[in-house]
Structure formats: structure tokens, C-alpha cells
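The next block holds one structure in the form of C-alpha cells; read it before the comments.
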Amino acid sequence: MNRSFDPGNKYSIPYFWGTLGIIYNDKYVKPGAIQHWNDLWSRRYRGDIMLIDSARDIMGMSLVSLGKSMNTTDQPPSR
């Protein structure tokens, strides 16, 4: 942001803003085997998953896999 070619960000926007998906190597995972965030929690992939280093994205992914809105303002239940 605020690069020399566009001070003040008048003409630029972040390229990957809001983009998150599941990427896998089809050499190791059958194409189409993973179709939902919940598929990542399968025992089959235990120890073989890497996640993006972004608390915001992981929180959104977790909420979706629990059937919740990514925009929720509800507090989680206390344990």
C-alpha cells in the first residue's frame, strides 16, 4: 500500500484481499476428494495439513466449518 506509483492508494487495491481457498497436490490427494473445509479435519490428512499464517482467515474457516457465519458477533460459549 502507498507504493511510489500510487501514493494515497488512489488507483490500487490489494490483489489477494478476501481470497482464501483449499490448495492441494493431486499427486497425493485424489482430485475432488476435498470439497469442503470440514474435509481438512479428516483423520486421513492428520499431520499433513498446512494452514496460512493468518488468524483472521483461520477463524473464518473454522466458523464456516461449524456452520456459523464468518461475520458473527456472538461470543463463544464459556467452557
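Rule-based calculations on the coordinates, nothing more; no lab input. None of the values given here were measured: they were computed from a predicted structure. Note: ideal-geometry Cβ built from the backbone for every residue, glycine included; neighbour counts use all protein chains shown.
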Those chymotrypsin sites (Phe, Trp or Tyr not before Pro) from the chain that are DSSP loop and have at most 10 other Cβ neighbours within 10 Å turn out to be Phe5, Tyr11, Tyr15, Phe16, Trp17, Tyr28
Which one of Ile23, Ile58, Ser42 is farthest out on the positive end of the charge dipole of segment 21-65, using unit charges on Cβ (Lys, Arg +1; Asp, Glu -1) and the Cα centre as origin? Ser42
Estimated FRET transfer efficiency when R0 is 30 angstrom, pair Leu63-Asn25 (beta carbons, to 0.05): 0.70
Just want to confirm a number: the relative contact order over the chain, from Cα pairs under 8 angstrom separated by 6+ residues, in percent. 17
Extension gain from Arg56 to Arg3, taking 0.36 nm per residue of separation minus the Cα-Cα distance: 16.6 nm
Whole-percent tail of the Cα-Cα distance distribution for the chain, cut at 19 Å, equals 55
